Amino acid sequence: MPLSTQSQADIDQYILIASLDNARNLSNILKAISFKDHAIFNATQNGLKVTVEDSKCLQANAFIQADIFQEYTIKEDTVGFQVNLTVLLDCLTIFGASTTPGVCTALRMCYNGYGYPLTLFLEEGGVVTVCKINTQEPEEPIDFDFCSTNVTNKVILQSESLKEAFSELDMTSEVLQITMSPSHPYFRLSTFGNSGNAHYDYPKDSDMMELFQCTKLQTNRYKISLLKPSTKALALSCKVSVRTDSRGFLSLQYLVRNDDGQICFVEYYCCPDEEVGEE
């Protein structure tokens, strides 16, 4: 493809090069976390981690493993920069969001280090477009200190069942209450909206429940305004892991398959809205 005609000298100047035969494999996963303008990119030998945050209460991370890319070259241990995510997504879809079979936009994404722009070479049907996006020094992402040793409760669900729950719950509610318990109701989602209180229960032996590990009764509330962005990831995903730690912090981990059947992960962290007494 024409992207391969770049000279070796051009290629050698970059400290990060990531190429995809299908740019949708990057744009789709980035759309799942696009609720604020700015995104922090952190590249390592393992791949890309892209972080978006909102008011120190919500953090979304998209993980794109190195082997998803047809070419992935990094010349330093870590490479970090901040970029306008809205502009990046506009560039990635510059040829339109074509889903025509066999028609793909190829991408080579290059970065030359601090102070340099993020350069995108996009090619479709022999036409190459070059986009240069200004970068900034990355801010330090918030450390939610969510570690597996502090996880008290965890369930893994088929995403379809969570989509169904969200469609039935009253989204005029300010909060979503999540109850996880070793005994009934096991896993319950509750809202308190204009049309009254609504509950959606999952039996632990439900076909939709792939894993149920609850060690204690825990009830926490989360602002629906903070959780709404995560529905973008839910729509793309096939499975979701719901975890809470001893402080009531929530982790939603979505398993997303791209157009080529490869697996990427999107994770949302959300802090609890308020303490709810265990009834």
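The values are calculated or read from the model by the stated rules, or taken from the named source; none is laboratory data. On a predicted model such as this, the values are computed, not experimentally measured, just so you know. Because the Cβ atoms are built from the backbone with ideal geometry, glycine has one as well, and the counts that use them run over all protein chains shown. We work out accessible area using only protein heavy atoms, side chains counted, and drop any ligands, DNA or RNA first. Shrake-Rupley method; radii C 1.70, N 1.55, O 1.52, S 1.80 Å.
Out of all the residues in the stretch 103-123, is one or more in a strand (DSSP E or B), among the hydroxyl-bearing types (Ser, Thr, Tyr) and over 26 Å from Ser237 (Cβ atoms)? So far as the stretch 103-123 goes, yes, one or more of its residues are in a strand (DSSP E or B), among the hydroxyl-bearing types (Ser, Thr, Tyr) and over 26 Å from Ser237 (Cβ atoms).
Restricting the stretch 170-192 to residues that are open to solvent by less than 10 Å² (accessible area, probe 1.4 Å) and part of a loop (DSSP other than H, G, I, E, B), the residue that is nearest to Tyr222 (Cα to Cα) is Ser173. In the set (1) loosely packed, with under 13 Cβ neighbours inside 10 Å; (2) in contact (Cβ under 8 Å) with a residue 12 or more places away in the chain; (3) under 23 Å from the mean Cα position of the chain (by Cα); (4) farther than 22 Å from Phe63 by Cα, the condition left unmet by Ser167 is number (2). Just one residue in the set Asp90, Asp54 is within 26 Å of Ser225 (Cα to Cα), open to solvent by 20 Å² or more (accessible area, probe 1.4 Å) and in contact with a helix residue (DSSP H, G or I) (Cβ under 8 Å, 6 or more places away or on another chain); that residue is Asp54.
Consider the stretch 261-276 and keep the residues that are at pLDDT 85 or above and charged (D, E, K, R). The one that is nearest to Leu234 (Cα to Cα) is Glu267.
Does Thr129 fit the bill of being of a type in the set (Ser, Thr, Tyr), in contact (Cβ under 8 Å) with a residue 60 or more places away in the chain and part of a strand (DSSP E or B)? So Thr129 fails the test. Among residues that are assigned to a loop (DSSP other than H, G, I, E, B), surrounded by fewer than 13 Cβ atoms within 10 Å (Cβ to Cβ), without any contact (Cβ under 8 Å) to a residue 60 or more places away in the chain and within 18 Å of the chain's Cα centre (by Cα), Asp77 is not included.
Restricting Tyr202, Tyr222 to residues that are closer than 25 Å to Thr149 by Cβ and buried (at least 18 other Cβ atoms within 10 Å of the Cβ) narrows the list to Tyr222. Under the condition of being of a type outside the set (Gly, Ala, Ser), part of a strand (DSSP E or B), in contact (Cβ under 8 Å) with a residue 60 or more places away in the chain and surrounded by 13 or more Cβ atoms within 10 Å (Cβ to Cβ), the residues counted in the stretch 225-254 number 8. Checked against (1) within 15 Å of Thr179 (Cβ to Cβ); (2) touching a residue at least 40 places away in the same chain (Cβ under 8 Å); (3) assigned to a loop (DSSP other than H, G, I, E, B), Asp260 passes all but a single condition, namely (1).
Residues in the stretch 35-62 that are among the polar types (S, T, N, Q) and part of a strand (DSSP E or B) were compared, and the one that is nearest to Leu118 (Cα to Cα) is Asn42. Taking the stretch 213-232 as the range and being in contact with a Ser or Thr (Cβ under 9 Å, 6 or more places away or on another chain) and hydrophobic (A, V, I, L, M, F, W, C) as the test, the residues that pass are Cys214, Leu217, Ile224, Leu226.
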